[in-house]
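Everything below concerns the one structure shown next.
The values are calculated or read from the model by the stated rules, or taken from the named source; none is laboratory data. Quick caveat: nothing in here was measured; it's all calculated off a predicted structure. Cβ atoms come from the backbone with ideal geometry, glycine included; neighbour counts cover every protein chain shown. For accessibility, only protein heavy atoms count, side chains too; no ligands or nucleic acids. Shrake-Rupley method; radii C 1.70, N 1.55, O 1.52, S 1.80 Å.
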Amino acid sequence: MIRTLPQSRSYSIGFKIYILLFFFFLFAPLLITCVLAFNDSLFPALPWKGFSLDWFFSDGPERVGIFHDQINLTSIWVSFKTAFFVAIFSTVVGTCGAFLFEQEEFRFKQLLYFLMLAPLVIPGVILGISILLFSNTLGLFFEDRFGIDIGLLRPGFWLVVLGQFSFITTLVTLIVSAQLKKFDYTLEEAAMNLGANRFQVIVFITLRFLKPALLGATAVAFLMSFENFNTTLFLVGSEATLPINLYLQVRDGSTPVINAISFLLIVGTSTLAVFNLFIQRDRSE
Amino acid sequence: MEVDLSVKSVSKRFKSFVAVDDVSFEVEKGKFFSILGPSGCGKTTLLRMIAGFEEPSKGAIYIRAQNMANISPNRRPVNLIFQHLALFPMMNVADNIGFGLARRNESKTEIRKKVSDILERVNLPGFEAKKIHHLSGGQKQRVAIARSLVLDPTVLLLDEPLGALDLKLREQMKIELKKLQMEVGTTFVYITHDQSEALVMSDHVAVMNEGRFEQIDSPQNLYTKPASPFVARFVGDNNRLPGKIVGCNDGTAELQTASGEKLLIRTDRQLTPGVQAELYIRPESVILEPAQELPELNRLNVLVSSILFDGANTQLLVESPASDDELLISLPQNRQYEHISVKDRIEIGWDARAGNCFPLP
Amino acid sequence: MSTLGKATSKLPLFIFLTPILLWLFLLIVLPHIDLLRMSFRIENDYGDMVWSVSNYLEFFREPIYWLTFTRTALYAIIVTFLTLCISLPVAFYITKVAPPKFRGFLSLLLLMPFWVSELVRIYGWMILLRESGVINHFLVEWGILQQPVEMLYNDVAMTMGLVYTSMLFMVVPLLSVMDSLDDSLIEAAFDLGSNMFTIVWKIIIPHAMPGIASGSIVVFMLSLGNYLTPNLMGGKNALWFTEQIYNQFIASFNWNQGSAFGFLLLVLSSLIIFIGLRLTNQKLSKVVQ
């Protein structure tokens, strides 16, 4: 049954086969996507026609590699910008949230906590349309009442940032809270006893203790934003993010350049994931 | 003599619960003062009030004659060694010790020098770059002490810092701490529930119970002249014999137990005939099989119920009609009493001056 | 927090509270109130906006709407159940059966694919399953099939895609509850004469319940609100309710009808999450951690 108990051969072999199949199921689509990025073919399909880097570096006219594909490059840049702002904003606000819910006492705290969790259980699509509706309502209001046209309230870059921020902040709050829960408050008292004022306590002790969690949360926020589709779908303006752009291409028939992008994404996110893991490991030491 | 710490009629109340109830004491410069009491007696609250983490509900705390009211913990000339030490896990030893100095904006070279000096002092030379989680329990202890001592506090507060150590290490640290205190000459206020820690290290000990001080005295006096039944029970082992005072004149009194034995007591305490009282006898005050000619000796016939062998601390448990509880008697390992075995009937005795008798309220 | 820190100043409270209130009210509460408001508005014959429940009536009048709605809910439940069944043994294997030295590596391997964008993962399945896909290529090459068949664009492919997409959110909570299960409980049960079935049913499942509940809730919510997977892997007739919302908003530009649909989906998802919490006796605040 478990390591320490005797187990029959068929049980242990059967279990191993199941796990192998599971991991095969998990990795097959990713591996095949990566492999076909290097196939010397016009379609992301077998048969294998030889190794080629065309879908990365070729500059047309028949094959346009990703590094020459302006539309895709632009959308990657847009996604980077979006993720950057979302990561910064949600980390700052999420950290405030963690401090608020872990350290402060106030009326209606439970209610507010519940509200803070809500974005996790609201489907992303609904979050997208609500924010779209509300920004539209606000925009109309300002135009009717004051005659000013606020571009910020129309679908576009900043609305996407706000939409993603609205639920990613909850995740950051939870990640930072989890770390803050483990914080030993006598450390704050000890620092104060050694002569630190309130501000110095937060900078030298609490934030330093939270640093790995903050880095981790920023990384998670960045990735979540970079990959978000559901909420973004309704808020996007003329500047398509990478997932939106890829979606349109996949839906309308694809070329191996998508495999090339996917390959880069897989390599990039895995690197970020491993980096994040090292931060966490460093902390647990 | 200069007084470093003076606590005047301090009380602390949490809603309806009184944690500290009208406590006053003074600690002279350079003394090792302990507050001894069972857990929940209010000693930690008292310490936290001195450190400034709690405000007294009543009374005042003076350090070197300066009133500490409304002075925040980071501005008080006291440092606290926390129960679980509260070393900063994200910093190395040097940064931990230098933390307080850096808050005083001392120069880097100055800090480096002071840290290395104090590490020398606590027998950890060259430990600057070590990570906290690589230290042993005893080393952490010393780093915590160094971190506070380096700031040269007027009073060093210690909140049961030895509690987490194992027995051997605790014995060793007790001696080390006492030596260190004598070397540096800083005033220590030490709280503990372990009477041996308090007795071994302290110049003066206050015994605390339910928010009040029962007695403040030297360790010797606490042991030999307890001021209350609680102190008699809490400090060291003791045998309790309840009874009624039947006679009293000029420094002697007589206590009659429920089973009828009359016990002679020599005491300065005024005992009125007719009151209920308790007589406390230390296990080592009891004489086994006393010689017949000894004067003023109370004698009891008892039944040996078990022998608790523990080397030099070996003890006998005996039953007597005079007490509901079994009596505890020291059994010297000098081969003189080897013939005593379980189920034997023996005679025991003690001098009339040996016990402490308290009238019950 | 020392009592002193609280007593000295209210300033930290306001510093922390202000951004949180702004975030929650401007981006969560008010937009959803607006969603509700919009769903009760329609354009009357004169082109003016008036209050009405007809957006909701439309939902019940038109079978395609409520059928899609029911279908979506049912499939989301099936997906949740399948994900649970697949993940449970995996979590158990990694925490309890695999040699400890492989444990970190296996967990890392398990989480790796989920860091990658959902779109990339779905795209991978598309090039595996479609008529010109990799699986068909091998099946024809090995003579198992004469002609390639379309394996994409049907409910089975869509369900699998959804299970694949949301697996992570089941596996992670399960790993952490399984990790907290003391091995000696299983040993004790074994020692007291229980068989494997009893151990799984009486010890492992009850212990894992918080993880199962939180995993199921998140997987259900994500499946219900998913747009990509049903859209790219499901058939042309296999409508998902989010697609209906999208159509109302983007294609028909009927925002009021879309709002009603959105609100219904929100109610459905909250309701099922509420029932799920009740049945398993969990609290939301516990579950999301």
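Side notes on the structure shown:
- Just one residue in the set C:Y227, C:Y246 is open to solvent by 10 Å² or more (accessible area, probe 1.4 Å), within 20 Å of C:T68 (Cα to Cα), among the hydroxyl-bearing types (S, T, Y) and within 11 Å of chain A (Cβ to nearest Cβ); that residue is C:Y246.
- Long-range neighbours under 7 Å by Cβ, at least six apart or interchain, first residue at pLDDT below 80 within the range C:96-110, second of a type outside the set (S, T, N, Q) and assigned to a loop (DSSP other than H, G, I, E, B): none
- Yes/no for A:F80 being out of contact with any Leu (no Cβ under 7 Å at 6 or more places or on another chain), closer than 30 Å to A:T186 by Cα and surrounded by fewer than 18 Cβ atoms within 10 Å (Cβ to Cβ): no
- Exclusive hit being exposed (fewer than 15 other Cβ atoms within 10 Å of the Cβ) and under 25 Å from C:N226 (Cα atoms), set C:P113, C:P100, C:P63: C:P63
- The set of residues from the range A:166-187 being facing another protein chain (nearest Cβ under 7 Å), out of contact with any strand residue (DSSP E or B) (no Cβ under 8 Å at 6 or more places or on another chain) and crowded, with 18+ Cβ neighbours inside 10 Å comprises A:S166, A:T169, A:L174, A:L187.
- Looking across the range B:217-251, the residues that are part of a strand (DSSP E or B) and under 12 Å from B:G355 (Cα atoms) come down to B:N239, B:R240, B:L241.
- Flag for A:P6 being more than 12 Å from chain C (Cβ to nearest Cβ), out of contact with any Leu (no Cβ under 6 Å at 6 or more places or on another chain), modelled with pLDDT under 75 and open to solvent by 20 Å² or more (accessible area, probe 1.4 Å): no
- Taken together, C:L279, C:L271, C:L192 contain a single residue that is within 15 Å of the chain's Cα centre (by Cα), more than 10 Å from chain A (Cβ to nearest Cβ) and open to solvent by 60 Å² or more (accessible area, probe 1.4 Å), which is C:L271.
- The condition (being within 11 Å of chain A (Cβ to nearest Cβ), without any contact (Cβ under 8 Å) to a residue 24 or more places away in the chain and open to solvent by 50 Å² or more (accessible area, probe 1.4 Å)) is satisfied by just one residue among C:I144, C:I135, C:I203, C:I199: C:I135.
- Single residue of the range B:277-295 satisfying the filter (part of a loop (DSSP other than H, G, I, E, B) and in contact with a strand residue (DSSP E or B) (Cβ under 8 Å, 6 or more places away or on another chain)) that is modelled with the lowest pLDDT: B:L294
- Here A:F142 meets each of (1) within 11 Å of another protein chain (Cβ to nearest Cβ); (2) of a type outside the set (S, T, N, Q); (3) more than 19 Å from A:N228 (Cα to Cα) with one exception, condition (1).
- Condition check for A:L159: in contact (Cβ under 8 Å) with a residue 40 or more places away in the chain, in contact with an Asp or Glu (Cβ under 8 Å, 6 or more places away or on another chain) and either assigned to a helix (DSSP H, G or I) or open to solvent by 60 Å² or more (accessible area, probe 1.4 Å) (or both): no
- Residues in the range A:83-114 that are surrounded by 15 or more Cβ atoms within 10 Å (Cβ to Cβ) and over 20 Å from A:V161 (Cα atoms): A:A98, A:F99, A:L100, A:F101, A:E102, A:Q103, A:E104, A:L112, A:Y113.
- Restricted to helices (runs of 4 or more DSSP H) entirely inside the range A:193-280, those with at least 3 residues that are polar (S, T, N, Q) and either within 14 Å of chain B (Cβ to nearest Cβ) or crowded, with 21+ Cβ neighbours inside 10 Å (or both) are A:230-235.
- Top-ranked residue in the range B:193-223 [being closer than 24 Å to B:L317 by Cβ and of a type in the set (S, T, Y); ranked as surrounded by the most Cβ atoms within 10 Å (Cβ to Cβ)]: B:Y223
- Matching residues, the range B:37-53, being assigned to a loop (DSSP other than H, G, I, E, B) and either open to solvent by less than 20 Å² (accessible area, probe 1.4 Å) or hydroxyl-bearing (S, T, Y) (or both): B:G37, B:S39, B:C41, B:G42, B:G52, B:F53
- For the range A:9-46, the set of residues classified as open to solvent by less than 20 Å² (accessible area, probe 1.4 Å), β-branched (V, I, T) and under 27 Å from the mean Cα position of the chain (by Cα) consists of A:T33 only.
- Boolean, C:V200 is part of a helix (DSSP H, G or I), at pLDDT 85 or above and either among the β-branched types (V, I, T) or over 27 Å from the mean Cα position of the chain (by Cα) (or both): no
- C:V90 vs. criteria in a helix (DSSP H, G or I), aliphatic (A, V, I, L, M), open to solvent by less than 10 Å² (accessible area, probe 1.4 Å) and at pLDDT 85 or above: yes
- Leading residue by the ranking (farthest from A:F263 (Cα to Cα)) among those in the range A:37-82 that are modelled with pLDDT of 80 or more and touching a Ser or Thr at 6+ places or on another chain (Cβ under 8 Å): A:T82
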